[in-house]
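Below is one structure, written out as structure tokens; the observations come after it.
What follows is calculated from the coordinates using simple rules that are stated; it is not laboratory data. Note that this is a predicted model, so its numbers are computed, not measured. Cβ: placed from backbone, ideal geometry, glycine included. Neighbour counts: every protein chain shown.
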């Protein structure tokens, strides 16, 4: 269906990949993985012809219906959310207008019979195509998808400019899904989605009959949707016939095999080179020497790709603190609506967060997870009740608004010195390296960093400030799989207490020891990890 034949791409004088050949078959669900900067998004742009390959070609049938979702949603002003979604298929709109035009002409009492027959014949063809493309149920399908992606029915007719950036992303995603294409290309579809919506999208894609080619930082999502993985790394593209877990295991197996082949080949080469050096001056061995020289010239040398540098960084052990980290009594929080009425978030919460707990806060979007963290972090006052943080507790708070404390003109190294003024240069560089800022990366200015890079920088400081209580609101947002693993490993080793919100199920499962669920104006406590919490649902 979609064929890559000997593709090479050079960008900024650097080769991203060369001699790429693979295919995506009808109905296949394929995940695209690889480190940032390897060329994943470029591969998507090559498919949709926003960029051209330097060599080779990408081919697909003329009638292939393709849809592309990216993080750049573009301008969508002047329409309601529903109008934006239903405008996604230009061909359906064209067929709809043609049907109306034909119907108008057929109403003409003076219409020539021959012309009428031609119009009726064309009408039949247009109706067939319109039905095949889902034109008759387009609006109801659009409403169903919008609702599934978390846009309430009451907001379907709201103007697009009245939505925030995150909600516009959902509407742009709905616009892609409603088309019912043969192939959907998706660049990070789970960004800005809450758990409930991620699960809905996951289920929708599992049941989708067409093909999918996507990249995502959510390994559970990729595992549950994709049954084939394409990796872009080390200027190569490699295909793995399995889900993400299979890819990780198979990649390790292939790498070990390659190392073994490399070792054997190097031993053989060393023997030949030793023979050449020993006998090159002897006329009696001239033929044998020449034979081995030619053999070495023709040999197809095994290359072992450079392994990503990993640093075992020991974070400072925070001061122990008391056993009672946070004592909460009869806590209640109410926000004021725009019309002045009260909106109850939760009430009657009495509990104690004890030393060393790793506590996940879960709930549907808008239930009040972030609000609970803000109250505990002292970022907003409770409406009633008490929140007492222990006197020996040093709390570090991370939220998406933490970006605001960064100075755009600082370099990464200068910025981290602000948070850790007493630390040595060596300590800071090692810390940054542990969070994937290596070499000249530390000289980059904050204003040039991506959202993921800013998150990693703030988290690096929080984990090194001797805080013994971390309050983390969506720390995994913007982070790729590798960065999430670096953060997860750091938090697992952290000897203090953690309260966190995340929509990453792998992160929740691996880190949580207790779960607070914010739902229906209350907070329910589950005395077990995320798997235990899931087992108690339904």
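Key figures
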read-out: Estimated 222 nm signal from helices in the chain, with DSSP H stretches of n ≥ 4 weighted -39500 (n - 2.57), rounded to 500; value: -12000 deg cm²/dmol
read-out: Part-to-part distance (alpha-carbon centres) for region 54-109 and region 375-444, which is given in Å; value: 46 Å
read-out: Residue order, fewest to most surrounding Cβ atoms within 10 angstrom, among 190, 21; value: 21, 190
read-out: Region 1-40: relative contact order as a whole-number percent, Cα under 8 Å and 6+ apart; value: 36 percent
read-out: Efficiency of FRET between residue 364 and residue 394 - r from beta-carbon atoms, R0 35 angstrom, step 0.05; value: 0.65
read-out: Inter-label distance, nm, simple model (7 Å from Cα along the C-beta direction), residue 300/residue 287; value: 2.9 nm
read-out: Distance (nanometres) between label positions extended 7 Å along Cα→Cβ at residue 259 and residue 495; value: 3.2 nm
read-out: Exposure proxy order (Cβ contacts within 10 Å, fewest to most) of 358, 520; value: 520, 358
read-out: Principal axis dimensions, largest first and in whole angstrom, of region 324-535 by Cα; value: 51, 40, 33
read-out: Solution diffusion estimate, µm²/s, Stokes-Einstein, region 41-172, Kirkwood Rh from C-alpha pairs, 4 °C, viscosity 1.567 mPa s; value: 73 µm²/s
read-out: 20 °C / 1.002 mPa s Stokes-Einstein diffusion coefficient of region 258-298, Kirkwood radius on C-alpha pairs, µm²/s; value: 199 µm²/s
read-out: Extension gain, residue 330 back to residue 279 (0.36 nm per residue minus Cα-Cα distance, nm); value: 9.4 nm
read-out: For the chain: relative contact order, % (alpha-carbon pairs under 8 angstrom, 6 or more apart); value: 14 percent
read-out: Residues in region 202-227 reached by a label modelled at residue 509 [backbone nitrogen below 20 Å; 7 Å Cα→Cβ]; value: 202-207, 215-227
read-out: Neighbour-count ranking [beta-carbon atoms within 10 angstrom, fewest first] of 157, 234, 503; value: 157, 234, 503
read-out: Potential lengthening between residue 347 and residue 204 on full extension [0.36 nm per residue; Cα-Cα distance subtracted]; value: 48.0 nm
read-out: Whole-number Å³ per residue for the convex hull built on Cα positions in region 1-94; value: 144 Å³
read-out: Rough spin-label spacing in nm, given labels placed 7 Å along Cα→Cβ, for residue 196 and residue 99; value: 3.4 nm
read-out: Additional length obtainable on full extension of the chain from residue 5 to residue 447, 0.36 nm per residue less Cα span; value: 155.3 nm
read-out: Compactness index (Cα Rg / 2.2 N^0.38 Å), region 108-179; value: 1.67
read-out: Relative contact order [Cα under 8 Å, 6+ residues apart], region 365-489, whole percent; value: 35 percent
read-out: FRET efficiency, 1/(1 + (r/R0)^6) with R0 51 Å, evaluated for residue 440 and residue 65 via beta carbons; value: 0.70
read-out: Rounded D (µm²/s) - the chain, Kirkwood Rh over Cα pairs, Stokes-Einstein at 25 °C, 0.890 mPa s; value: 90 µm²/s
